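Novice: Below you will find the structure I want to go over with you.
The values are calculated or read from the model by the stated rules, or taken from the named source; none is laboratory data. This one's a predicted model, so the numbers in the text were calculated from it and none came from an experiment. Backbone-built Cβ (ideal geometry, glycine too); neighbour counts: all protein chains shown. Accessible surface areas use protein heavy atoms only, side chains included; no ligands, DNA or RNA. Shrake-Rupley method; radii C 1.70, N 1.55, O 1.52, S 1.80 Å.
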Amino acid sequence: MSLTQLDKPVQFLKGVGPRRAEALKRMGIVCARDLLYHVPRRYDDASTITPLARVEVGMDVTAVGTVKNKGIVPTRSGLRIFQAVLQDDTGIMTCAWPGQPWLNRTLQVGDRILVTGPVKFFHGRQIQPREHAVLARAPTPRNDPATAGTHTSISSTPTTIPPPAPTPSGTIFVTYPASEEVPQWIFRRVISLNLEQLLKHVRDEDHLTPAARRALGLPDLPAALATLHRPPSLDRVDAARRRLAYDELFYLQLLQARVRYHATRARPGIAFQRTNNLIRPLHDGLPFTLTGAQVRVLREIYADMASPHRMNRMLQGDVGCGKTLVALFAMLLAVEGGHQAALMAPTEILAEQHAARIRGFLARLPCGVELLTGSATGRRREDARARVGGGEARVVIGTHALIQEGVEFDALGLVVVDEQHRFGVRQRLALAERDPAPDVLVMSATPIPRSLAMALHGDLDISVIDELPAGRRPVVTRLAGPEKRAEVFQEVGRRLDRGEQAYVVYPVIEESEKAELRAAETEYERLRSDEFAGREVALLHGRMPADEKDRIMREFLESGIQVLVATTVIEVGIDVAGATVMVIENAERFGLSQLHQLRGRVGRGDRGGLCVVIPGGVGEGGEGTATRERLEVFARTDDGFEIAAADLRIRGQGDFFGAEQHGHGTGLLFADILVHGDLVGPARERARALVDRDPELAREENALVRLVLERRYGDRLKLFGVG
């Protein structure tokens, strides 16, 4: 196996050397394999290249030509414009880069370049490239007078450079992510010099058998990588990326399958015995009927808990679907089996609300409920810890205080983590790492498409509540233009007069000089002295001390505050029955899923709710169109799963995993869930089967996948303790 050839430092490849290797290292390219997997940014088919003779004003074109002349043209305003005259076999055309005079040092007469951009009229037709790529450097160094000064004129007299060769109609131009230190032409040259040799060593890294490739409809690995860098046609590129996408998804699922194995199989679990002395009375005493989705999910959870293997399951569902009640039934199964159950929430006030609700459900049942939070001190804290440690408390609810030193459980059997994405990995694992190992159920109110859930959470089995309780009143959503703002706040005022409460949400805390955004602090001052003068108005944002945020939320919960002006700090929050209306300013600044989470804060009582979104300036073009589509989808549906799918489709995978989604990251270069979602299931099935047969990947036939896994995910393996 020639793995060492692909692991050798990039500086020893043809055309690199020590200095260029340092520049490549700054781009994350350290070894030969990194270069081989350097993903092209775009492909241009020669059939879509516009001949220069056919370029017209108003077109947006991609053209290829040889630099015939170049120079810097100053303007009266002081702007310096770099211009280059391009020539192809049909004619010539000027390209202009306003404000980019440094290109005079990087583009040379005789270079063959690809340009993409609009065609405008300024003393004649000219292309103003959005981007460009050097396809080939001038054949020989030239003494070009254009590089000597900064005010070189552009001559229309042809130079003596050879005429450009015609572009073959089947040519595919490959453009790589590049840098000023390592320009496009360097990448093309280095990859061209080394590709054939590197591909000889790739075959040994192909982990798919011919039969498996045929079943999945995928090419072999050398063919896929060869096509990636030297595509014979654009449709072949899609097939190559699909193979590389499968590999990425498989290794990600392999990492997660090993995490899952260590979480559920490496240590014996608890086979819980159901007696129905608590579950049946709770079920029969409910003033409503469980939904079909709740019943289905409970069967999945109970099957896990009854097995001798540990449960490691995610319970996913929209706001208000009844996840907490399902979790309570699971906790009672643990209690019936002689164990304790713990529920960990991200904030004290949410933990208190969970405790109050669960105590209400269990009021007539012999099951002690204990609340343990960081604010409990002195004798109160010691007494609570004693009841937990002595086993008197069978259901324990708290914050991260549950994992602090000094908290001991009598017989912890089940851990429920609410809003799991609000906790770090180590915080989530701390309760689960006790001995004997308790079952784990994590809950998430952020619906995401199933293929995406499997990609992100392959270490967990997933249960989905995709049905809301009957009779639940939907939140009415309206999209209002900025000119309707006064009418919107008049409507809010009428609701306040009826004793209701309101949120007004802003995307930023302070006004920004870079964008005209309404800021929470500024608008808070204006609202309390203008639209809501004489009313109880409060401000809440993430920079406030924790105790101050907690105090404000308590006052809002107890109806002492009528209007809460806030940032997204309220995105995951408590149920305030009196909060019936929410106004979201600059709504275009939020992702669809985030808007949906915010909307879930209102209408939690029996009066229904209203959510009004007010966008700021929504421009024209692609970004403005996507923004309008996103807000129209939000106003049209309150189905969290439909919203998440639309969010992924509109924004794309890269933006979907931004900071707004709490830092989720896939680390995927080739796989796009929108395009390759059908590969996630087969990748997960194969990865789990492999780990079930060989948990440590110690067998000789699995040496390759173990090596690649450690290389790609070594840090994560250490984090989860499965390396």
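Novice: Within the range 213-238, take every residue that is aliphatic (A, V, I, L, M) and farther than 29 Å from LYS8 by Cβ and give me the one that is surrounded by the most Cβ atoms within 10 Å (Cβ to Cβ).
Specialist: It comes out as LEU216.
Novice: I would also like to ask the following. Restricting the first residue to the range 125-145 and requiring it to be loosely packed, with under 13 Cβ neighbours inside 10 Å, which pairs with a second residue that is modelled with pLDDT under 80 meet a Cβ separation below 7 Å and a spacing of at least six or different chains?
Specialist: Once the first residue is loosely packed, with under 13 Cβ neighbours inside 10 Å and sits in the range 125-145, its partners that are modelled with pLDDT under 80 give PRO145/THR152.
Novice: Here is a check on your reading of the model: is ALA635 at pLDDT 85 or above, of a type in the set (A, V, I, L, M), open to solvent by less than 30 Å² (accessible area, probe 1.4 Å) and on the phi < 0 side of the Ramachandran plot?
Specialist: no
Novice: Contact list please: Cβ distance under 6 Å, first residue in the range 527-544 and touching a residue at least 12 places away in the same chain (Cβ under 8 Å) and more than 18 Å from SER559 (Cβ to Cβ), second residue surrounded by 15 or more Cβ atoms within 10 Å (Cβ to Cβ) and of a type outside the set (A, V, I, L, M, F, W, C), pairs at least six apart or on different chains.
Specialist: Final answer for the pair search is HIS541/THR567.
Novice: I've got another one for you. Kindly indicate whether any position in the range 385-404 is among the hydroxyl-bearing types (Ser, Thr, Tyr), assigned to a loop (DSSP other than H, G, I, E, B) and surrounded by 21 or more Cβ atoms within 10 Å (Cβ to Cβ). Spell out how you get there, then give the answer.
Specialist: Restricting attention to the range 385-404, the residues satisfying the condition of being among the hydroxyl-bearing types (Ser, Thr, Tyr) are 399.
Cutting the leftovers down to assigned to a loop (DSSP other than H, G, I, E, B) gives us 399.
With surrounded by 21 or more Cβ atoms within 10 Å (Cβ to Cβ) added as a condition, the list becomes 399.
Checked against the condition, which is being among the hydroxyl-bearing types (Ser, Thr, Tyr), assigned to a loop (DSSP other than H, G, I, E, B) and surrounded by 21 or more Cβ atoms within 10 Å (Cβ to Cβ), the range 385-404 yields at least one hit.
Novice: Could you list all residues from the range 13-23 that are part of a helix (DSSP H, G or I) and in contact (Cβ under 8 Å) with a residue 12 or more places away in the chain?
Specialist: Answer for the range 13-23, where residues must be part of a helix (DSSP H, G or I) and in contact (Cβ under 8 Å) with a residue 12 or more places away in the chain: ARG20, ALA21, ALA23.
Novice: What pairs come out if I take residues in the range 480-501 that are open to solvent by 20 Å² or more (accessible area, probe 1.4 Å) and pair them with residues that are in a loop (DSSP other than H, G, I, E, B) whose C-beta lies under 7 Å away, six or more apart or interchain?
Specialist: Listed pairs, sorted by first residue: PRO482/GLY616.
Novice: It is to be established whether one or more residues within the range 517-538 are in contact with a strand residue (DSSP E or B) (Cβ under 6 Å, 6 or more places away or on another chain) and among the polar types (S, T, N, Q).
Specialist: No, that holds for no residue.
Novice: Which residue is farthest from the chain's Cα centre (by Cα), if the candidates are limited to the range 24-73 and must be crowded, with 16+ Cβ neighbours inside 10 Å, β-branched (Val, Ile, Thr) and not in a strand (DSSP E or B)?
Specialist: Among those that are crowded, with 16+ Cβ neighbours inside 10 Å, β-branched (Val, Ile, Thr) and not in a strand (DSSP E or B), it is VAL55.
Novice: Do any residues in the range 187-212 that are acidic (Asp, Glu) have Cβ atoms under 8 Å from those of residues that are at pLDDT below 90 and open to solvent by less than 70 Å² (accessible area, probe 1.4 Å), where the two are at least six apart or on different chains, and which pairs are they?
Specialist: ASP204/SER2; ASP204/LEU3; ASP204/LEU704; GLU205/LEU3; GLU205/LEU6; GLU205/LEU704; GLU205/VAL708
Novice: When you check VAL85 against the structure, is it among the β-branched types (Val, Ile, Thr), modelled with pLDDT of 90 or more and loosely packed, with under 14 Cβ neighbours inside 10 Å, yes or no?
Specialist: In short, no.
Novice: With the checklist (1) modelled with pLDDT of 70 or more; (2) surrounded by fewer than 17 Cβ atoms within 10 Å (Cβ to Cβ); (3) not in a helix (DSSP H, G or I) in hand, flag the one item PHE670 doesn't pass.
Specialist: Result: PHE670 passes all but (2).
Novice: For GLY374, only one of the following conditions fails: (1) at pLDDT below 90; (2) not in a loop (DSSP other than H, G, I, E, B). What is its number?
Specialist: (2)
Novice: Got a number for residues in the range 272-290 being open to solvent by 20 Å² or more (accessible area, probe 1.4 Å), not small (Gly, Ala, Ser) and not in a loop (DSSP other than H, G, I, E, B)?
Specialist: 4
Novice: Looking only at residues that are touching a residue at least 12 places away in the same chain (Cβ under 8 Å) and surrounded by fewer than 17 Cβ atoms within 10 Å (Cβ to Cβ) in the range 369-384, which one is nearest to MET344 (Cα to Cα)?
Specialist: GLY374
Novice: Here is a further query. Specify which of the listed residues (GLU642, GLU660) is at pLDDT 80 or above, part of a helix (DSSP H, G or I), out of contact with any Ser or Thr (no Cβ under 6 Å at 6 or more places or on another chain) and surrounded by 14 or more Cβ atoms within 10 Å (Cβ to Cβ).
Specialist: Just one listed residue meets the conditions, GLU642.
Novice: Among the helices (runs of 4 or more DSSP H) contained in the range 193-271, which hold 3 or more residues that are touching an Asp or Glu at 6+ places or on another chain (Cβ under 8 Å)?
Specialist: 234-264
Novice: Now for a separate question. Among the residues of the range 291-326, count how many are part of a helix (DSSP H, G or I), over 19 Å from SER444 (Cβ atoms) and open to solvent by 10 Å² or more (accessible area, probe 1.4 Å).
Specialist: 6
Novice: Select from the range 568-585 the residues that are open to solvent by less than 10 Å² (accessible area, probe 1.4 Å) and closer than 17 Å to ARG518 by Cα and list them in ascending order.
Specialist: If the condition is that a residue be open to solvent by less than 10 Å² (accessible area, probe 1.4 Å) and closer than 17 Å to ARG518 by Cα, then MET582, VAL583, ILE584, GLU585 are the ones that fit.
Novice: Check whether at least one residue in the range 168-175 is under 25 Å from GLN5 (Cβ atoms) and either assigned to a helix (DSSP H, G or I) or out of contact with any Leu (no Cβ under 9 Å at 6 or more places or on another chain) (or both), and report yes or no.
Specialist: The answer is no, given that none of the residues of the range 168-175 is under 25 Å from GLN5 (Cβ atoms) and either assigned to a helix (DSSP H, G or I) or out of contact with any Leu (no Cβ under 9 Å at 6 or more places or on another chain) (or both).
Novice: Sticking with this structure for a sec: Report, by residue number, each residue of the range 581-602 that is modelled with pLDDT of 85 or more and of a type in the set (Gly, Ala, Ser).
Specialist: ALA587, GLY600
Novice: Inside the range 90-105, can you point out the residues that are more than 15 Å from HIS123 (Cβ to Cβ), in contact (Cβ under 8 Å) with a residue 40 or more places away in the chain and surrounded by 14 or more Cβ atoms within 10 Å (Cβ to Cβ)?
Specialist: PRO101, ASN104
Novice: Scan the range 313-341 and report the pairs whose first residue is farther than 30 Å from VAL475 by Cβ and whose second residue is assigned to a loop (DSSP other than H, G, I, E, B) and of a type in the set (Val, Ile, Thr), with Cβ atoms within less than 9 Å and a gap of 6+ or a chain change.
Specialist: Qualifying pairs under 9 Å: ALA334/ILE270; GLU336/THR275; GLY337/ILE270; GLY337/THR275; HIS339/ILE270.
One line per residue, one yes/no per condition, for (1) within 30 Å of ARG688 (Cα to Cα); (2) among the charged types (D, E, K, R):
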residue	(1), (2)
ILE465	yes, no
PRO474	no, no
GLU491	no, yes
GLN501	no, no
VAL508	no, no
ARG528	no, yes
ARG535	no, yes
LYS549	no, yes
GLN562	no, no
